[in-house]
Each structure stands twice: as C-alpha cells, then as structure tokens.
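The values are calculated or read from the model by the stated rules, or taken from the named source; none is laboratory data. In this text, all values refer to a predicted model and were calculated from it rather than measured experimentally. Positions of Cβ are generated from backbone atoms using ideal geometry, with glycine treated the same way; all protein chains shown enter the neighbour counts.
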Amino acid sequence: MLGGGKVKQIYTLHGEKASIRAISRELGVSRNTVRKYLRAPELPKPAPRPARCSKLDPYKQYITEQVNAGVDNCVVLLKKLKEKGYQGSYTLLKDFVHPLRRQ
C-alpha cells in the first residue's frame, strides 16, 4: 500500500490530465498500482492489526492481587515476578501498576 503522499500525487497528476504511464514513471510505481488507486471509489484504508499480547499478561491477576493487598512498590513486585519467571521490564510493570494504586 502506498503512503498518503504518493496517493495524493496520483490524484493530482491525474487531475492535470497526465496519462497513467506518465504518472507511473514519475512516481516510480507500476501502472497497475496507479489504475488501482484511480478506480477505487475512495482511498483504501489499511486493515487493522491484530492486538499483540504483552509479557505482563500472564501476571496481571497476580499483580492486581498484590496491589490490593497493599504491595504497590514496583521494585518489590518486580523481584516477586522475576521469581515466577517474568522477563519483562520495570517500566512495563510500573505503567501497569500506576492506575491501580490508591490515591
């Protein structure tokens, strides 16, 4: 899929009555690509990417239980998680714990 800038250039050049071959030469894309974008009723939208799982996902319930029990120090939590096999970073843990802490 082309970036938005090249797609706009395709439409601009087509509006200036440039041929498909001239547009493809100028932008360095194939003629079929130029045709695809000119024939489309609207700009194509990229497909949404699937959500990736976090290194923290298997431990979220344990972390929530610990924070509810009063352990909200991320250094202590990180040590406990490392004992359980956690391989993620301190920052990832800190960002997850922050909204769980009591005001």
Exercise for review: Considering every residue within segment 54-68, establish whether at least one is in a loop (DSSP other than H, G, I, E, B) and under 30 Å from G3 (Cα atoms).
Suggested key: yes
Study note, to complete from the structure: Y37 meets each of (1) within 23 Å of G4 (Cβ to Cβ); (2) in contact with a Leu (Cβ under 6 Å, 6 or more places away or on another chain); (3) hydroxyl-bearing (S, T, Y) with one exception, condition (2)
Review point. Any chance segment 39-51 includes a residue that's among the hydrophobic types (A, V, I, L, M, F, W, C), part of a loop (DSSP other than H, G, I, E, B), under 29 Å from the mean Cα position of the chain (by Cα) and surrounded by fewer than 10 Cβ atoms within 10 Å (Cβ to Cβ)?
Key: yes
Exercise for review: May I ask you to say which residue of K36, K82, K55, K17 is among the basic types (K, R), modelled with pLDDT of 90 or more and in contact with a helix residue (DSSP H, G or I) (Cβ under 8 Å, 6 or more places away or on another chain)?
Suggested key: K55
Exercise for review: Please find, among P46, P50, P99, the residue that is of a type outside the set (V, I, T) and under 30 Å from Q9 (Cβ atoms).
Suggested key: P46
